[in-house]
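Q: Can you keep this structure in mind? I'll have questions shortly.
Just so you know, all these numbers are worked out from the coordinates, no wet-lab data involved. Quick caveat: nothing in here was measured; it's all calculated off a predicted structure. Because the Cβ atoms are built from the backbone with ideal geometry, glycine has one as well, and the counts that use them run over all protein chains shown.
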Amino acid sequence: MSDKTMTADEAVSRLESGMTLGIGGWGSRRKPMELVRALLRTEITDLTVVSYGGPDVGMLAAAGRLRKLVAPFVTLDSIPLEPHYRAARERGAFELTEIDEAMFMWGLHAAANRLPFLPVRAGLGSDVMRVNPGLRTVTSPYDDGETFVAVPALRLDAALVHVNRADRQGNGQYLGPDPYFDDLFCEAADAAYVSCERVVDTAEFAKEGPPQSLLLKRHVVTGVVEAPGGAHFTSCVPDYGRDEEAQQEYATTPWPEFAAQYLDGRTT
């Protein structure tokens, strides 16, 4: 089995402008910030980003790297609306497709299973169909004749995610209370790059957590980046919580000023 370890810069060197990029985590929780930082050091732009959005989206929006965003929300959790995202959105800096959280999840499921869409009840009776006129409905071919929203697959050119542990072959382990949807992001992508707090031998997974904590399987992972603190300032429980002081600094500092120190690895 091949050794898939690489640096963050090597991982993002495989990305290109114009790609559709999925970013794992949820809000300001377990975001692959070391990989996002590396991406921001490149000239890659014109991205379509698919994310349960947090500071990953805010930073890419502030830096002018987004062409389109697909997201159910963009939040810093303890700060309800991501301020850099909000500023970019208010000036019309990128196109937005905003869908329900469950619709988003099933779009990833459809992509992971290489289906063109999946039928869901989520969104029916809401304004999601009005604000997304491209969405379609389908009718059950069975006796019930029920109508569903046909959620299109969220196919990704590449995915970036962060987990607690990984081995060199690409198996990934989460140790917190919520796996989010990082496995779906990787399965929905043509290439997946996983940063982790620590690279371990495969046998060590059993010492770290139960079998169900093995979230990522090596066959869907392209590269592994060892990045201690790689989710900072977002949380990566149980290794560390969210750094509220650093997050507050990010939220209240003009992006060019914050980027000048953040992109070289410092956040305070």
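Q: Which helices count as membrane-span-like in the chain under these terms: full DSSP H, at least 20 Å along the axis by C-alpha, Kyte-Doolittle mean of 0.0 or more?
A: none
Q: Charges at C-beta only: +1 for Lys and Arg, -1 for Asp and Glu. How large is the resulting dipole of segment 117-268 about its Cα centre, in Debye rounded to 20?
A: Roughly 340 debye, rounded to the nearest 20.
Q: Tally the DSSP beta bridges in the chain and give the antiparallel ones as a percent, rounded to 5.
A: Bridges in the chain that DSSP calls antiparallel: roughly 30 percent.
Q: Just to confirm the filter: which trypsin sites (Lys or Arg not before Pro) across segment 208-268 are DSSP coil and have at most 15 other Cβ within 10 angstrom of their Cβ?
A: Lys217, Arg266
Q: Another question, if that's okay. Under the rule that an exposed site lies in a DSSP loop and has at most 16 other Cβ atoms within 10 Å, name the longest stretch of the chain with no GluC sites (Glu not before Pro) of that kind, not counting the sites themselves.
A: 147-268
Q: Going down the table (Lys31/Lys217; Lys4/Lys217; Lys31/Lys207), which pairs top 22 Å between alpha carbons?
A: Flagged as over cut-off: Lys31/Lys207.
Q: Nearest 20 debye, what's the magnitude of the dipole of segment 205-268 about its Cα centre given +1 on Lys and Arg Cβ and -1 on Asp and Glu Cβ?
A: Approximately 460 debye in magnitude.
Q: Please give the length that would be gained between Arg14 and Asp46 if that part of the chain were fully extended, namely 0.36 nm times their separation in residues minus their C-alpha to C-alpha distance (nm, one decimal).
A: 10.0 nm
Q: Label point 7 Å out from Leu81 along Cα-to-Cβ: which residues of segment 244-258 have amide N under 16 Å?
A: Answer for segment 244-258: 251-252.
Q: Could you check what % of the DSSP bridge pairs in segment 130-268 are antiparallel, to the nearest 5?
A: Percentage antiparallel, nearest 5: 40.
Q: Further question: Once you sort the root eigenvalues of the Cα gyration tensor of the chain as a ≥ b ≥ c, which label holds: rounded (a/c under 1.5), prolate (a/b larger than b/c) or oblate (the other case)?
A: Judged from the Cα gyration tensor, the chain comes out oblate (a/c at least 1.5, b/c at or above a/b).
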